[in-house]
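Values quoted throughout were computed directly from the atomic coordinates according to the rules given, and no laboratory measurement underlies them. Fair warning: this is a prediction, and the values are worked out from it, not measured in the lab. FYI the Cβ positions are ideal-geometry reconstructions off the backbone, even for glycines, and counts take in every protein chain you see.
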Amino acid sequence: MLYHAFHPPDQPSLTHEQRTERLRAELAATQQALCVLQGALTDAKTRLGMISRIARDVERTRRAPGASWAAVRAALYSRPEGLKDVGPDLPIL
């Protein structure tokens, strides 16, 4: 078994068209994965931005730590569909 890990069995030669088709399929899968990861990155950046704005408001955080903690939890656990309405001018607390 270990031998096959370092010496894979010989594959039959692929034609140029078969290689091209395989590469197109790999490219499509990679592009789809990239789109999914970009969406996840955007989601994480939005959530981090919200938490950052909550943490920067030190006076309000000291005055109402429970409300600030609830806002952080809402930023962490809200559904992604709800994040699309969050803009830079939207007050968090």
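Assorted remarks:
- Distance between the 7 Å Cα→Cβ label points at Glu81 and Arg24: 3.6 nm.
- Sorting Arg19, Arg53 by the number of Cβ atoms found within 10 Å of their own Cβ, with the fewest placed first, yields Arg19, Arg53.
- In terms of other Cβ atoms within 10 Å, Ser13, Ser52, Ser68 run from fewest to most in the order Ser13, Ser52, Ser68.
- Shape call, the stretch 2-43: gyration tensor on alpha carbons, a/c limit 1.5: oblate
- Legend: P(r) of the stretch 39-81 from all alpha carbon pair distances, 5 Å bins from 0, whole percents, reading 5, 25, 29, 20, 12, 6, 2, 0.
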